[in-house]
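Down below is the structure, laid out as structure tokens.
The values are calculated or read from the model by the stated rules, or taken from the named source; none is laboratory data. Computed from a prediction, not measured in an experiment: that's the story for all the values here. As a convention, Cβ positions derive from the backbone with ideal geometry for all residues, glycine included, and neighbour counts pool all protein chains shown.
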Amino acid sequence: MKSLTIRNLSKTYFDVHAGTNVTAVRDLSLEVPAGEFVSIVGPSGCGKTTLLNMIAGFLPHTGGEILVGGRPVKGPGPDRGVVFQSFALFPWRTVLDNVAFGPKMRGVGRAEREKIAHEYLALVKLSEAAGRYPNELSGGMQQRVGVVRALANEPDVLLMDEPFASVDAQTRMTLQEELTRIWEQKRPTVIFITHDVAEAVFLGNRVVALSKGRVLEEIAVDLPRPRVWDDLIEDDQFKALSARVLQLVRSA
Amino acid sequence: MTTPLLKAWSHYLRLTTRWPSIGTIVPFIPLIVIWWVVTELQVFPRAFLPGPSEVVRSFGSLVYTGVLPDYLQDSIWRLVVGSFWGVALGIPLGVLVGLSQRAHKALWPLLLFFQAIGDIAWLPILVIWFGYGLTTMTVVIVYTVIFPVVLNTVLGVRSIPITMYRAALSLGASRTRMLWEVVLPGALPNIMTGLRNGLGYGWRALIATEIIVGTSGIGFLMFDARRAGSVVEILLGMIILGILWYIVDSWILAPIERATGLRWGLVTK
């Protein structure tokens, strides 16, 4: 696990349809110590997905710098694991091979990487599904695979782009609880993008509200762990924090 | 009145699920019966439209003399050689054009131009260049197979969602690994479609070529029979073409599709 430092980051691109330059992210700075879980919230168009894509190296930034463990980001790499909203599992690989993909790219032998994959699948109770193909799984199961596929590669930073936005509400709560349990166990550095305020507060050590490509405010979430919905849903502190973040997002 | 029919139909459905080969044969039975009745009633002169039994007899004698096995082997071998080169050249070319914007700009107009010329249109010049041999036929088949393979491969490569590439890159895949791990499997369902079309066109082009320049093969058999006025052998040739294509499709292409695109959920039934 490593820290993530973002300094004076900006992203300007030329919008062909509008015929003008658009600034998606401007002068954004953020410090994420190793092992912290940071939720980033904001309305659509606030630049949160652009920010994540720049950290992942999918999009170049036009100003400032992004450092992972002190080293500048230049393009995508296995030091930053990504969990996609659309899952992005390889349909032509079994669940086991999907999870073993990262280790395979690192040159880990078959027996060893399958052992790793089995361990991670057990973590999300999907050992039974190892031999199946992604399209045979429900959305919730697919995203569990997506999460452990990224984790099995032991990235320095885990980037999650609205990962639970496309599953139903009940499954989402289960996935949130599983993710927080895994985080409590493994303590990865996580950047979690969402537009769901309750989700941001439930998962994060800190919630960063974005607006128009800038950090609007950072709010520390010192709720006790382990966190489960049964405890938090009626918890006053949780409710107060959520209300606060919601207010910020709505004012953004 | 309708219930016994429905019952029979549901029986038939169950039977064909258990033995799919029955489902292949049964639809032909009424066709053969009609054919038989028409010829028995002498609606047309026998020499114009021979019956099923004569075609079967002719099949027997052509197999016995060894003509049919030899011709069949020649035709299939030509198709195999031509298809092999068509696929071996078509897939890499399709991947290149699908991945590289520059290659696309440079090659796409050429591809469309040459696709339009059509396979048999090349025969006159090919015969002058290569004579009446395997080379001429191979070129025609390669030419026919390659376009559907290239065009569908390009389509397949371009239809791979960008998140697939991103996922592979952020899991540490190099550009070369990406080709094997993402590009080819992702494009495979389309490549199969291209192959299916290509082989279908290739098979037809082969028969046409054999009719025009052949000295052996199923196409030649049919054309030769016309010269001899033997409608039986023409009909036999046509039936063999249909059966062979059916075999290629159901024994080779369909199983590959079942094991890949369908299994992966990339193609819907």
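Would you confirm whether or not region A:121-135 contains a residue that is in contact with a Ser or Thr (Cβ under 8 Å, 6 or more places away or on another chain), within 10 Å of chain B (Cβ to nearest Cβ), at negative phi and surrounded by 19 or more Cβ atoms within 10 Å (Cβ to Cβ)? Looking for residues that are in contact with a Ser or Thr (Cβ under 8 Å, 6 or more places away or on another chain), within 10 Å of chain B (Cβ to nearest Cβ), at negative phi and surrounded by 19 or more Cβ atoms within 10 Å (Cβ to Cβ), one finds at least one in region A:121-135, hence yes.
Regarding B:ARG158, is this residue basic (Lys, Arg) and away from chain A (no Cβ under 14 Å)? For B:ARG158, the condition - basic (Lys, Arg) and away from chain A (no Cβ under 14 Å) - is met. Within region A:14-30, at least one residue is under 16 Å from the mean Cα position of the chain (by Cα) and of a type in the set (A, V, I, L, M).
Those helices (runs of 4 or more DSSP H) of region A:192-252 in which 2 or more residues are surrounded by 18 or more Cβ atoms within 10 Å (Cβ to Cβ) occupy A:197-203, A:236-251.
For (1) at pLDDT 90 or above; (2) in a helix (DSSP H, G or I); (3) of a type in the set (A, V, I, L, M), each residue gets a yes or a no:
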position: B:ARG57; (1), (2), (3): yes, yes, no
position: B:VAL63; (1), (2), (3): no, yes, yes
position: B:PRO69; (1), (2), (3): yes, yes, no
position: B:GLN73; (1), (2), (3): yes, yes, no
position: B:TRP77; (1), (2), (3): yes, yes, no
position: B:VAL80; (1), (2), (3): yes, yes, yes
position: B:TRP85; (1), (2), (3): yes, yes, no
position: B:GLY90; (1), (2), (3): yes, yes, no
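Considering each of B:LEU236, B:LEU188, B:LEU184 in turn, give the residue that is away from chain A (no Cβ under 14 Å), touching a residue at least 40 places away in the same chain (Cβ under 8 Å), surrounded by 17 or more Cβ atoms within 10 Å (Cβ to Cβ) and part of a helix (DSSP H, G or I). Only one candidate passes the filter, namely B:LEU236.
Just to be sure I understand, how many residues within region B:141-181 are surrounded by fewer than 21 Cβ atoms within 10 Å (Cβ to Cβ) and touching a residue at least 24 places away in the same chain (Cβ under 8 Å)?
The number of residues fulfilling the criteria is 5.
Taking region B:87-101 on its own, how many of its residues are more than 19 Å from B:ILE160 (Cα to Cα) and either loosely packed, with under 15 Cβ neighbours inside 10 Å or touching a Gly at 6+ places or on another chain (Cβ under 6 Å) (or both)?
Adding up the residues that qualify gives 1.
Residues considered: A:PHE101, A:PHE84, A:PHE90. Of these, the only one that is facing chain B (nearest Cβ under 8 Å) and within 30 Å of A:VAL25 (Cα to Cα) is A:PHE84. You will find that of B:THR193, B:THR215, B:THR138, B:THR153, the residue that is more than 14 Å from chain A (Cβ to nearest Cβ) and modelled with pLDDT of 95 or more is B:THR153 and no other. For beta carbons closer than 7 Å, sequence separation of 6+ or different chains, a first residue in region B:41-58 that is surrounded by fewer than 11 Cβ atoms within 10 Å (Cβ to Cβ) and a second that is not charged (D, E, K, R), the qualifying pairs are B:ALA47/B:VAL231; B:PHE48/B:VAL231.
Considering each residue of region A:56-73, count those that are buried (at least 17 other Cβ atoms within 10 Å of the Cβ) and within 18 Å of B:GLY172 (Cβ to Cβ), and give that number. Can you show your working first?
Here is the first cut: in region A:56-73, the residues buried (at least 17 other Cβ atoms within 10 Å of the Cβ) are A:56-59, A:61, A:64, A:66, A:68, A:73.
Narrowing further to those that are within 18 Å of B:GLY172 (Cβ to Cβ): A:56-58, A:68, A:73.
Count: 5.
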